[in-house]
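In what follows, a single structure is set out as structure tokens and then discussed.
The values are calculated or read from the model by the stated rules, or taken from the named source; none is laboratory data. What you are looking at is a predicted structure, and each value in this text was computed from that prediction instead of being measured. So basically every Cβ, Gly included, is an ideal-geometry build from the backbone, and we count neighbours across all protein chains shown. The accessibility values were calculated without ligands, DNA or RNA, using every heavy atom of the protein model including side chains. Shrake-Rupley method; radii C 1.70, N 1.55, O 1.52, S 1.80 Å.
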Amino acid sequence: MSSTLPFWILNSARNSIATLQGGRRLYSRCASNRNKSRWRLFSQVPGTLKSSAPCSGFALQKAYRHTSTEEDDFPLQLSPEQVNEVLRAGESAHKVLDLASGVPNSVLRFESNQLAANSPVEDRRGVASCLQTSGLMFGIFDGHGGHACAQAVSERLFYYVAVSLMSQQTLERMEGAMESMKPLLPILHWLKHPGDSIYKDVTSVHLDHLRVYWQELLDLHMEMGLNTKEGLMYSFQRLDSDISLEVQAPLEDEMMRNLSLQVAFSGATACMAHVDGVHLHVANAGDCRAILGVQEDNGMWSSLPLTRDHNAWNQAELSRLKREHPESEDRTVVMDNRLLGVLMPSRAFGDVQLKWSKELQRSVLERGFDTEALNIYQFTPPHYYTPPYLTAEPEVTYHQLRPQDKFLVLASDGLWDVLDNEDVVRLVVEHLAEAGRHKPDLAQRPANLGLMQSLLLQRKAQGLQAADQNAATRLIRHAIGSNEYGEMEPERLTAMLTLPEDLARMYRDDITVTVVYFNSDSIDAYYKGG
């Protein structure tokens, strides 16, 4: 096996890199046919475009990074062990127990993983249980134009949802604690993932805005609180509104002021699931996706989509956009399969460049921000007449879990770009089958160290590579290592993991996956009145 990248990657890379030079900016990442950049940047500075191949757009994030494609610059081939180390670095897995009674609930366990293409990674993920109401929440957040918005949404959205579902009595206790300066009731219990950069707690500024939200809920005088669908709908839109308002408000803390600007001017799509017993709600804004793996009574498996991608390939989205803007904009609201010709998803948090008026954008950016240092790009798309063009309003799907619903997969579009729903279900089912085959039957034999060592030696002697213990890892492995026929190619997998930072994003996206396994026995007991 060659110690350098396969020729097809090197050759394609040389032919795909385009450089736009102007002032101090250097953009060196474009969207190839294999993968897409979320943002397309129109040149607003003097400069010339030099490219030996068509390029569908330029990523907003600056790339002052090494862009050589000489073979000598690439690292040596990774060993199979090193490939596994890279793929498994972001793994996490938890078995879920009901926090109050210790009895397994409808969620049995979950497995998650993440593989970066951007540097730093722009995807985020979250899992938390609601402590003042019932339910588990799982979220995938896909950032673009930087990671700031995805980071903020991953830290804050679950709090808004949890507060939305609280009863009037619980909200009154929350408000009473704030007024008397006593400790707040705990709202969430977070289940952490590798690489979580900061603890997911609310800052004072964000708590103030969360408090305003629950005060408004108190004014509604709804004894039982919002229902889950309403709570998800309001939470998405309220958080997006707060993100927009925070950067407009005068903040004395320079760090918070700069962070608020970065959050508002970057963007993030979001897909989250709320599971409460047999009640599953999925809220989606953008092109992350959620599907169920279903096993029928005859043993056949199928996928059940719970979301629709919000992009130019969704005819309902195209119709919505045209309804919301004058007929004169029918040909310009979506161009080249992008919103206003620049953004792939048609729903997202942040991205105030596509929500604010031109005048508001100018007034905020003229407050002394160092936009160059903060990677804030000042541009207005052509045909920008009647904002807002972008919304964070989610589509919410309700599904009542059945015993045949075995697992839920949530993932960023980096997975769905290369694997379809049926492929994903098949791979998870294969993972479950292999895990069952490779699990030694210790119930029939004494479980001692000698037996375990014997089994390990036997496995090594057979030359078997250790199977992935995490279904999310298996999905990522196949997403980047399979050829066009769905066959795993070790050389391709190694090549995709060996790409330098400045080339990786041209061939794959950040991929974040969470697989949630349901407890069929608990669900069956619900229907039997147990």
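Structure above, values below:
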{"item": "Failed item, numbered, when Ser346 is tested on (1) open to solvent by 10 Å² or more (accessible area, probe 1.4 Å); (2) among the polar types (S, T, N, Q); (3) under 23 Å from Arg289 (Cα atoms)", "result": "(1)"}
{"item": "Matching residues, segment 310-343, being hydrophobic (A, V, I, L, M, F, W, C) and over 13 Å from Tyr384 (Cβ atoms)", "result": "Ala312, Trp313, Ala316, Leu318, Leu321, Val334"}
{"item": "Criterion (open to solvent by 30 Å² or more (accessible area, probe 1.4 Å) and not hydroxyl-bearing (Ser, Thr, Tyr)) met by exactly one of Met166, Met233", "result": "Met233"}
{"item": "Among (1) at pLDDT 95 or above; (2) among the charged types (D, E, K, R); (3) open to solvent by 10 Å² or more (accessible area, probe 1.4 Å), the one test that Asp123 misses", "result": "(3)"}
{"item": "Members of segment 273-300 found to be open to solvent by less than 20 Å² (accessible area, probe 1.4 Å), farther than 15 Å from Leu157 by Cβ and in a loop (DSSP other than H, G, I, E, B), listed by number", "result": "Val278, Asp287"}
{"item": "Any hit, segment 306-320, residues being farther than 30 Å from Gly293 by Cβ and of a type in the set (Phe, Trp, Tyr)", "result": "no"}
{"item": "Residues of segment 397-425 classified as open to solvent by less than 20 Å² (accessible area, probe 1.4 Å) and part of a strand (DSSP E or B), total", "result": "6"}
{"item": "Complete set of residues in segment 75-97 that are touching a strand residue (DSSP E or B) at 6+ places or on another chain (Cβ under 9 Å), open to solvent by less than 50 Å² (accessible area, probe 1.4 Å) and not in a strand (DSSP E or B)", "result": "Leu87, Gly90, Val96"}
{"item": "Checking Arg367 against (1) open to solvent by 10 Å² or more (accessible area, probe 1.4 Å); (2) in contact (Cβ under 8 Å) with a residue 24 or more places away in the chain, the condition it does not meet", "result": "(2)"}
{"item": "Of the criteria (1) among the aliphatic types (A, V, I, L, M); (2) open to solvent by 30 Å² or more (accessible area, probe 1.4 Å); (3) part of a loop (DSSP other than H, G, I, E, B), which one Leu374 fails", "result": "(2)"}
{"item": "Selection from segment 98-108 of residues that are part of a loop (DSSP other than H, G, I, E, B) and either at pLDDT 90 or above or within 16 Å of Ala495 (Cβ to Cβ) (or both)", "result": "Ser106"}
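One line per residue, one yes/no per condition, for (1) in contact with an Asp or Glu (Cβ under 9 Å, 6 or more places away or on another chain); (2) more than 25 Å from Thr514 (Cβ to Cβ); (3) modelled with pLDDT of 95 or more:
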position: Cys288; (1), (2), (3): yes, no, yes
position: Thr307; (1), (2), (3): yes, no, yes
position: Glu324; (1), (2), (3): no, yes, yes
position: Val333; (1), (2), (3): yes, yes, yes
position: Phe349; (1), (2), (3): yes, no, yes
